[in-house]
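No lab work stands behind these numbers, since they all come straight from the coordinates. This is a predicted model, so every value here is computed, not measured. Here the Cβ is made from the backbone with ideal geometry for all residues, glycine too, and neighbour counts use every protein chain on show.
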Amino acid sequence: MSTRAVILKNISANLLLQIVTAIGGFILPPLIIVTYGSATNGMLASIKQFIAYLTLLEAGIGAAAIVALYQALTSQDTQLRNRILNATQRFYRISGSLFAIGLLILAILFAWLTQKQISATLTFYMVLVMGAVNIMDFFFFGSYRALLTADQKTYIVSSVQAASILLNIVVCYYLIQSGYSILTVQIASSVILISKFCIYRGYVKHQYPDLKQPAADNEPYHLHQTWDAMTHQLTGLLIFSSPLVLITLFLSLKDASIYAVYALIFGAIKMALQSISQGMQAIFGHSLKTDFDHTKQNFCRYNRLFMCFLGWVYTCTGLLLAPFIQLYTVNMTDANYHQPLLAILFLLVGIIENSRIPSMIMIMAAGRYKQTKPQALIEAGINLVCSICFIQLWGISGILLAALLSFVYRSSEMLYYNCKHILFMPVIRPYLLWLLIFTAIAACISLGWQPVNHVKIATYLDWVKLSCITAVVAAIPFSLLLLLIYRRPIQ
């Protein structure tokens, strides 16, 4: 299969996954808030983030395995591939056992922390039920996911995940509408999401008939950079999961629900941006070892395409967010979800954060975990210290300001490192591209704000019509910009 075909399949499957995930994200939380209240929605969002912290026990294993597997797959060394997977599976089983213990402790602590706002018994069982999916992931799929990712077959993972999420949406919607308890809904959700691991296992066994992962191995493989990769995973999870944890601890579950609603919207946007990058890490990981000059040229074109797409997406977001929030939260009356300042801050954070995606993919493809570990720690330090200080002064807005400061540092540093130490190319043009795209976003939003917000929006159909018109108009300047810069030489 050609590289272009692989990219297309991975992008298409991942885009499908992001669309289905976004649909579920937009349908279920409002239904949960209206049916069970904002406190329950805040509880669910907070539990997800607390569980995300526990998945640090896996951090570094998959990333290190993927980098190691590039060599084995490129050279078609089946014995080396199986040794790497044996080592990976051993790590996952140990981590899974520790995760199960940590999950039980988390269930007890979180139930105690939130007992004044919601039933402690309910919270305890919700943590256990929601964490069951992760336990199964540790024991039955972690090493397989690393193999499929390294072998440029993430479209398999994305397709099965999309199907399970779609089924989950249908079942949960029915159960909530039928008046079942939130615990029953979550149990059904976990059962559906766990079932996908059987499909993954069957595919891998069929696709790789020579795959052997015995418990004992005469030649154990040592995964390199596991701890360095874990540091990156740790800092990333600390940055992206800490807001809801801090809001739960310092503010309230209702504030957590407000943050979760905005985070849901911008999370969907981030997934849309990541969809056009699906599979690129494996492709660059292979080509860096075989054709460096071609890799550098392809990366520059990919970066220009990505940044123009980012500009178009966030221009549309800036123009369409306010009317969407009004529609989306119209029945959410037990908390104030209409907060323009949060929308502006989320927009700025999203633009700066996602500008790093191309550079981050190349750093991961090159396996530069150890070399970039200090910068990741600095970013996490800036974010955590500023978050704890700012949340006392400005609440949720303080959390976003802290994120903005840390992202400005890390995103610009990633771009510099990628240009100077991986691709060995001038750094000035990528920085100028950032400046050009950011200026274009600001100009387009400024020019389109009045026309868009003077349109009366009463239904989702009205909003969809407005979105289509806005998307087409906003695409014009960024399409012209892409035509001008896409094939320009690197030097």
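Summary table
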quantity	calculated
Whole-Hz couplings from phi, Karplus 6.51/-1.76/1.60, listed for the range 188-199; x for Gly and Pro	4, 4, 5, 4, 5, 5, 6, 4, 5, 5, 5, 5
Sorted peptide list for 92-103, 471-482, criterion being average Cβ within 10 angstrom, highest first	92-103, 471-482
Radius 15 Å from Cβ of Tyr262, net charge of other residues (Lys, Arg +1; Asp, Glu -1)	0
Peptide ranges 304-310, 291-297, 143-149 listed from the most packed, as the mean C-beta count within 10 angstrom indicates	143-149, 304-310, 291-297
P(r) histogram, all alpha-carbon pairs of the chain included - 10 Å bins from 0, percent	4, 18, 30, 29, 16, 4, 0, 0
Note, ³J(HN,Hα) from phi for the range 386-391, Karplus 6.51, -1.76, 1.60, rounded to Hz, x at Gly and Pro	5, 4, 5, 6, 6, 5
Part-to-part distance (alpha-carbon centres) for the range 163-208 and the range 327-355, which is given in Å	29
Value at 222 nm in deg cm²/dmol, rounded to 500, when DSSP H runs of n ≥ 4 in the chain each add -39,500 (n - 2.57)	-28000 deg cm²/dmol
Anchor Lys254: lysines whose Cα lies under 16 Å away (excluding residues fewer than 8 positions away in-chain)	Lys48, Lys116
Count of lysine pairs in the range 279-491 with Cα separation under 28 Å (8 or more residues apart, or interchain)	9
Highest to lowest packing among 433-439, 415-421, scored as the average C-beta count within 10 Å	415-421, 433-439
